[in-house]
1. Considering (1) in contact (Cβ under 8 Å) with a residue 40 or more places away in the chain; (2) in contact with a His (Cβ under 9 Å, 6 or more places away or on another chain), say which one Ala70 fails and leave the rest.
2. Give just the number: which of (1) crowded, with 16+ Cβ neighbours inside 10 Å; (2) more than 12 Å from the chain's Cα centre (by Cα) does Ala16 not satisfy?
3. Could you list, ordered by first residue, the pairs with Cβ atoms under 6 Å in which the first is in region 85-106 and farther than 16 Å from Met33 by Cβ and the second is β-branched (Val, Ile, Thr), at least 6 apart or interchain?
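Nothing in this text is a laboratory measurement; each read-out follows from the coordinates by a stated rule. It should be emphasised that the depicted structure is a prediction, and the values quoted were computed from it without experimental measurement. Every residue, glycine among them, receives a Cβ derived from its backbone with ideal geometry; neighbour counts consider all protein chains shown.
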Amino acid sequence: MGFAVVGAVFGFLSVAFGAFGAHVLASHLSSQMMGVFDIGTQYQMYHALALLAVGILIQRKLGGRLVVAAGWLFTVGIVLFSGSLYVLSMTDAKALGVLTPVGGLCLLAGWVFLAVGLWKGVRSERV
């Protein structure tokens, strides 16, 4: 399954989770925990769109291995960052909060890998 498909699935789930949060969780969570849940859905959508872009770039053979690595980092980052925020907001599992910054670092690294991969890809096309 390509990164564009994974991005589309994560995009769908982001909308579904957002609707679930707005229509079901809002009456059960504190405003602070609802905010935590909302951050999870926002970052999931941003990075779902990034995964769509990665999939398109790979299909067009732009960026090489660094763009592929960015796709994996975005995927793992979504699961760890957004996933831990979802669980943290709905349960008292504070220990899972340790995963949130690891996921965030994966997301950040994904953007660096994507930028460097694109820069190298564009540079090599000029030569």
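1. For Ala70, the failing item is (2).
2. (1)
3. Cys106/Val76
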